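Trainee: Before I ask anything, here is the structure I am working with.
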Amino acid sequence: MISSDVIRGYNDTIILYLLLENESYGYEISKQIKELSHEKYTIKETTLYSAFNRLLKNGYIESFYKDETFGKRRTYYKITEAGLHYYKEKCQEWKLTKEVVNRFIREDFT
Amino acid sequence: MNTIIDYLDNLFATLPKTKQLEDIRADMLANMEDKYNELKKLGKSENEAIGIVISEFGNIDELLNELDIQLDQKEAHFPLLLEEEIEDFLKTSKKTSMLTGLGVTLCMLGAALLILFFQLPNFSELAATTIGVTTLLVLVAIAVGLFIYGGMLKDKYKFIDEKGEFSLSFNTRKLLEDKKNAYQSTYALSVIFGVILCILSPVSLFIAMAISEEAVTYGVVALLCIIAIAINIFIYYGGIKDSYNRLLKLEEYSERQKEEDKVVGAVAAIVWPLAVCIFLISGLVYHQWHINWIIFPITGLLFGMFSAAYHILKTKETK
């Protein structure tokens with residue numbers, strides 16, 4: 001299990017990654033995060049919606065309503081051009097971060 | 001599943017009622033519902049599923065920080081009204097409105113009966129005075145009893161009625177709004193019916209006049225009875241509407257309105273008993289029974305004008 005503190009700076013990146021191919025909604029995203037991380041990371045409901053709000057405010061994603069078969073109305077999210085740009089930046093940043101942190105990790109301790 | 005709804009409701013109850021937060025709450029509820037159903041499908045027990053869903057909810061403060069929401073401390077500290085309390089408040093209000101309406105109707109019927117006794121051919125003036133005034137006083141006494149009883153019933157809800165020191169969860173607010181909307185048509189019908197009764201009430205006078213001079217008094221009695229019914233309708237249905245407005249803290253119950261209610265109430269408490277006194281004295285001492293009933297419609301009219309004028313003045317002042 002990953003602590004939410006460690007991963008905090010990358011929640012936005014994770015969400016944007018999941019929106020790269022398809023638009024999606026809250027539960028689907030949190031389920032995918034759980035699955036893709038092999039259940040090592042579960043994003044909390046409040047973390048997810050804080051991230052949505054932040055991404056919306058920065059114009060990285062857009063939201064719209066979609067009615068489901070059972071009459072449930074859901075908020076869907078879609079990545080924007082700016083979002084894609086930001087995602088690429090974050091990928092670069094992570095590469096660098098990983099490189100730097102790795103220099104301080106002793107292989108025989110892991 | 002209800003546990004989850006209640007959990008969310010309680011968390012959001014003290015937050016500002018904005019569209020943004022309501023949307024987030026609705027989405028979160030939908031997500032949690034999906035998660036819950038999936039866990040159940042995987043063979044988790046009810047309790048396990050609820051436990052997992054709630055443990056994966058997180059901390060509401062995180063969201064509030066992100067949304068830049070400062071909690072209004074005052075609002076947050078008011079206790080949340082339970083659904084049962086709301087039901088009971090509505091029921092009590094209904095009962096009180098009925099008692100008040102009945103009381104007012106009884107007073108008016110007392111006046112009508114008094115006039116009637118004077119008109120009955122085989123009654124001497126003394127007998128009419130004695131019986132009529134006694135009946136009126138008894139009816140007024142019963143009415144006062146009803147008012148006091150109604151007031152006592154509502155005493156435990158002072159914090160809703162007068163202070164407004166409570167908060168509603170999203171769920172109960174929604175429920176109340178639906179209920180109020182459903183009631184709206186009943187209320188509109190009752191007002192229409194009451195107003196029609198009031199407008200048509202003088203017809204009884206005209207008919208009586210057309211029949212004979214003697215019959216005019218019966219016309220007055222009929223007029224009073226019709227107005228008594230109309231007032232009963234206004235008080236009863238108005239009281240029910242009032243109780244919804246109070247729970248939903250609609251604009252009528254702002255600070256200014258509360259102050260206004262107090263002043264109008266204080267004036268009413270002086271004016272109406274005074275009218276009854278004038279009515280009784282002019283009748284008993286000056287034997288003006290045939291005309292002194294007019295004091296009631298006149299008082300009603302003047303009082304109505306006073307509250308309307310006061311309301312307009314106060315509204316202007318605060319603007």
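Trainee: Is it fair to say A:ILE61 is hydrophobic (A, V, I, L, M, F, W, C), within 24 Å of B:LEU64 (Cα to Cα), within 12 Å of chain B (Cβ to nearest Cβ) and surrounded by 16 or more Cβ atoms within 10 Å (Cβ to Cβ)?
Mentor: No.
Trainee: Which one of these is of a type in the set (Ser, Thr, Tyr), closer than 24 Å to B:VAL53 by Cα and free of Cβ contacts under 8 Å to residues at least 12 places away in the same chain: A:THR42, A:THR46?
Mentor: Among A:THR42, A:THR46, only A:THR46 is of a type in the set (Ser, Thr, Tyr), closer than 24 Å to B:VAL53 by Cα and free of Cβ contacts under 8 Å to residues at least 12 places away in the same chain.
Trainee: Of a type outside the set (Phe, Trp, Tyr), touching a residue at least 60 places away in the same chain (Cβ under 8 Å), within 12 Å of another protein chain (Cβ to nearest Cβ) and touching a helix residue (DSSP H, G or I) at 6+ places or on another chain (Cβ under 9 Å) - does that describe any residue in segment B:24-46?
Mentor: Yes; the residues of segment B:24-46 include at least one that is of a type outside the set (Phe, Trp, Tyr), touching a residue at least 60 places away in the same chain (Cβ under 8 Å), within 12 Å of another protein chain (Cβ to nearest Cβ) and touching a helix residue (DSSP H, G or I) at 6+ places or on another chain (Cβ under 9 Å).
Trainee: Same structure again: Take the conditions more than 9 Å from chain B (Cβ to nearest Cβ), out of contact with any helix residue (DSSP H, G or I) (no Cβ under 9 Å at 6 or more places or on another chain) and of a type in the set (A, V, I, L, M) and apply them to A:ILE2. Does it pass?
Mentor: yes
Trainee: Are any residues in segment B:121-174 part of a helix (DSSP H, G or I), more than 19 Å from the chain's Cα centre (by Cα) and closer than 30 Å to B:ALA26 by Cα, and if so, which ones?
Mentor: Residues satisfying the conditions are B:PHE170, B:ASN171, B:THR172, B:LYS174.
Trainee: Further question on the same structure: I'd like to check something: does segment B:249-268 contain any residue that is assigned by TED's automatic domain parsing to the domain that holds B:THR134, modelled with pLDDT of 80 or more and more than 27 Å from B:ILE199 (Cβ to Cβ)?
Mentor: No.
Trainee: Which ones in segment A:32-46 are facing chain B (nearest Cβ under 8 Å) and outside any loop (DSSP other than H, G, I, E, B)?
Mentor: A:GLU45, A:THR46
Trainee: May I ask you to verify whether A:ILE15 is in contact (Cβ under 8 Å) with a residue 24 or more places away in the chain and either buried (at least 18 other Cβ atoms within 10 Å of the Cβ) or away from chain B (no Cβ under 12 Å) (or both)?
Mentor: So A:ILE15 fits the description; yes.
Trainee: Going by the conditions given, is B:ALA111 more than 14 Å from chain A (Cβ to nearest Cβ), in a helix (DSSP H, G or I) and out of contact with any helix residue (DSSP H, G or I) (no Cβ under 7 Å at 6 or more places or on another chain)?
Mentor: No, not satisfied.
Trainee: Scanning for something among the hydroxyl-bearing types (Ser, Thr, Tyr) and either within 30 Å of B:TYR286 (Cα to Cα) or within 14 Å of another protein chain (Cβ to nearest Cβ) (or both), does segment B:51-59 turn up at least one residue?
Mentor: Yes: one or more hits.
Trainee: Do we have B:ASN2 as in contact (Cβ under 8 Å) with a residue 40 or more places away in the chain, loosely packed, with under 15 Cβ neighbours inside 10 Å, under 22 Å from B:LEU168 (Cα atoms) and out of contact with any helix residue (DSSP H, G or I) (no Cβ under 9 Å at 6 or more places or on another chain) here?
Mentor: Taking the combined requirement at face value, the residue does not satisfy it.
Trainee: Let me ask something else about it. Here is a list: A:TYR25, A:TYR76, A:TYR49. Which entry is more than 9 Å from every other protein chain (Cβ to nearest Cβ), at pLDDT below 95 and surrounded by 12 or more Cβ atoms within 10 Å (Cβ to Cβ)?
Mentor: A:TYR76
The values are calculated or read from the model by the stated rules, or taken from the named source; none is laboratory data. Since the structure is predicted, the reported quantities are computational estimates derived from the model, not experimental observations. Note: ideal-geometry Cβ built from the backbone for every residue, glycine included; neighbour counts use all protein chains shown.
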